[in-house]
Amino acid sequence: MATAISLPGAPLAAPRARYSGRLVRASLPRGGARVGRRSLSVSAAAEDSSGLAPIAGAPAWDALGGVSVLAAGTGDAVPLTDLWDPTEGVAVVALLRHFGCFCCWELASVLKDSMARFDSARAKLIAIGVGTPDKARILADRLPFPVDSLYADPERKAYNVLGLYHGLGRTLFSPSSAKIYSRLDHIKKATKNYTLEGTPNDLTGVLQQGGMFVFRGKELLYSWKDEGTGDHAPLDDVLSACRDVPVA
């Protein structure tokens, strides 16, 4: 049975100044990446802790080289960087918090509804969440979401090497989370079949924040680190980064 969710009427925290969405250019060891939040050469860990220290100064592609994720459909381990062409393939790597997060069901719904736009931009969508493949399939079946585009990262390895935020403060008390109250109607629609059964068995996973990355081959074009629960990357910015890729 689907679990009904209740969304409180008061903000999680005082709203912050509205983010303008303006992309800034960051200096990377190899090329440059447009970023929505902070620098994205994988470097200093977040203000909240990560389970593993990110590799200081390493380009994102190299940092992800030893990371495997589990295919939601089969449970098979797949090297993350094998999921797109390392020469010129464009990939949108969307890291959800976990499969029992109602804000992540909303994000997955937005990504699913945007598949045609990703295809038009010649970009491959790769969605990853904290948990096991059976938890991922709960989201895939109930939302629904394309299982071939969904992967599980039970040990949060991709999150750790990319330096995404993890901790109680970011999860429950970040001012950035106040933006979810402008999206309540869409959240309620996306979570009509929501269930807590997707929550990871290791409850430290519920303190993980997500992010969004766009790669062209080995080059990082765009990145976003969620500052708090529901603080998702602006989809138009993500698509813009995909479309800026030169077409041969």
Whenever you get a sec, compute what percent of the accessible area on the range 59-229 sits on carbon and sulfur atoms (1.4 Å probe). 54
Going down the table (LYS188/LYS225; LYS135/LYS157; LYS124/LYS218; LYS135/LYS218; LYS157/LYS189), which pairs top 26 Å between alpha carbons? LYS135/LYS218; LYS157/LYS189
Here the Kirkwood hydrodynamic radius of the range 101-248, Cα-based and in Å, equals 15.9
Ranked by how many other beta carbons lie within 10 Å on average, peptides 148-157, 172-181, 211-220 from highest: 211-220, 148-157, 172-181
How far is it, in nm, from the label point at LEU184 to the one at ASP141 when both lie 7 Å from their Cα along the line to the Cβ? 3.2
Mean accessible surface per residue for the range 97-248, computed with a 1.4 Å probe while every protein chain stays in place, in Å²: 37
Could you sort 64-74, 102-112 so that the peptide with the highest average Cβ count within 10 Å comes first and the rest follow in order? 102-112, 64-74
Under a plain spin-label model, where a point goes 7 Å from the Cα along Cα-to-Cβ, how far apart in nm are MET115 and ARG243? 2.1
Given the peptides 119-126, 183-190, 90-97, 139-146, arrange them by the average over their residues of other C-beta atoms within 10 Å, most packed first. 90-97, 139-146, 119-126, 183-190
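The values are calculated or read from the model by the stated rules, or taken from the named source; none is laboratory data. Because the structure is a prediction, the values reported are computed rather than measured. Don't worry about glycine lacking a Cβ; one is built from the backbone with ideal geometry, like all the others, and counts go over all protein chains shown. Remember, those area values only see protein heavy atoms, side chains included, never the ligands or the DNA or RNA. Shrake-Rupley method; radii C 1.70, N 1.55, O 1.52, S 1.80 Å.
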